[in-house]
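Following: one structure in structure tokens, then a few remarks.
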Amino acid sequence: MTMHVKTLKRLGLTLAMAVAVTALPAAQQTASQQGTVFRATTNYVSTDVLVHDKDGKFIPDLTAKDFTVYEDGVPQAITNFVRVVGGRALGGLTAAGTAPAATEGLILPPSRPSTDASGRIFIIFIDDLHIEASQTPQMKQLLQTVRDTLVHDNDLVGIVSTGTSAIEIDPAYDFGHRRFNEAIAKVMGSAATANDIIQDAFMEGASGPTGLRYNAHVAFSTAYDMLSELGKIADRRKSFIYLSNGYSFNPYQDARFKSIQKQYEDLGMTGMGQVDGDEGDPNNQSDGSVADSTNVHPQSTLSPYDALADPDYRRRTEFAESDLDHELAELVAAARRANTAFYAIDPHGLRAGTDISLNQPVAYSDIRDTNMTQISSLRVLSDETGGFCICETNDFKSGLQRIDNETSDYYIIGYSPSNPDPLRFKRTIKIDVDRPDVARLDYRETYLMPRPKKAKK
């Protein structure tokens, strides 16, 4: 069961409305209390910048004059500059200019947090479609650690799931333990196990389980919709805490093929769905065996040897990885446009292997390749969006503390590009700081322009 589009839009709208009041100058906040609708500035780019000295400590006393921003090699005028220390915006917008207005149509709420702190924005994204049921206890424990380690007062937090748990807790300030505990009580992994994938290979078809691709598409689409709303929020750091075991569109390929071969032989098939002594009738039971054609996947009725030579089979297996790469690229592009960092966490923890029963022996290389693909997918989401992956470790607390540090102390730099060439889809960003004590800068180095929409006929 997945969330309906209306629910996602409502959740995203709640998010945008809740944060907009703290992202605007005081004059605009006053007007918003009267229900004023503000119009958007479209040519505006912002990026978070983490600045550390040689000891890894945040440098908190920089000003806009210390920074130089380049887009595609062209110097840009900094129009907005926010310094955030301990999760609080100090001094607000200190550079010339004003913050971009809220997106047209958003009516800002009259209320705001109890303090002037900007706080942080977290979406806790539970991809239970890709977390096995056996890992539910680890996932519950992990969520408790997230609750106790990462989330603080005046943070804006929302929780969304992709599967049957149907968690949809609207973003709110001062989130508290009660809402977290509601999510923890509901959470339940529902991913297909390795045994399921292998044993069901005959019915799914030799080219791989299509259900895995559909579930991945559901997860990515859900995240994509949330990013569309996060992109409307300027001058705030936004983070996805992304809980998932990761993705593979062609897992345990060798084991699936052997399973198909065994079941094919058990049914007495000789090729193209025929049974020994059948003369073409797959429902013939003269030899005591049953081969109901309505229960056999058309692809599976091919001999395993014939399937290897089948062009469609070869195409579908060879391009499984490229299909996954395409899905990941689309999500990464959306995250970059929204200036949102993904912090992927694998609740599985340290992987010594895969839980596969003795009646389904799988080669170590098959397990290794599947694990590597799943973990790599999480690393791509994290590394390419400015976050990092907490994978292949059982020490979740240390990683969460690092996320806490990265989301608490940073600068936000905004500018309006002076070279708005609509034909340049991918833009590069370079930032320099004129201070000798700066040893490391972390920021997003590229972003993608939204693709132009087709004109309505």
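Derivation of every value follows stated rules applied to the coordinates shown; laboratory data play no part. The structure presented is a predicted model; accordingly, all values stated were derived computationally and were not measured. With ideal geometry, Cβ positions are generated from the backbone for all residues, glycine too; neighbour counts draw on all protein chains shown.
Quote to one decimal, in nm, the extra length available between ARG424 and ARG440 on full extension: 0.36 nm per residue of separation minus the C-alpha distance between them. Walk me through the numbers on the way to the answer.
Working: separation 16, 0.36 × 16 = 5.76 nm, distance 2.86 nm.
Extending this stretch completely gives an extra 2.9 nm.
Ranked by how many other Cβ atoms sit within 10 Å of their own Cβ, fewest first, the residues THR340, THR47 fall in the order THR47, THR340. Count Lys and Arg as plus one, Asp and Glu as minus one, and take only other residues whose Cβ is under 12 Å from that of ILE390; the net charge is then 0. Oblate is the label for segment 381-442, because the ratio a/c of its alpha-carbon gyration tensor axes (a ≥ b ≥ c) is 1.5 or higher and a/b is not greater than b/c. Full extension of the segment from THR68 to THR193, taken as 0.36 nm per residue of separation minus the current Cα-Cα distance, would add 40.0 nm. Phi angles across segment 367-375 convert, under the Karplus curve 6.51 cos²θ - 1.76 cosθ + 1.60 with θ = phi - 60°, into 3J(HN,Hα) values of 5, 4, 5, 5, 4, 5, 5, 4, 5 Hz, Gly and Pro given as x.
Ordering of 151-162, 55-66, 210-221 by packing is 151-162, 210-221, 55-66, highest average first (other Cβ atoms within 10 Å, averaged per residue).
Simple spin-label estimate for THR393 and THR164 gives 3.3 nm between the two label positions (7 Å along the Cα-to-Cβ direction from each Cα).
What does the highest-first list of 324-335, 241-252 look like by mean Cβ count within 10 Å?
Numbers: 324-335: 18.7, 241-252: 24.7.
Descending packing order for the listed peptides: 241-252, 324-335.
Residues THR407, THR79, arranged from fewest to most other Cβ atoms within 10 angstrom of their Cβ, appear as THR79, THR407.
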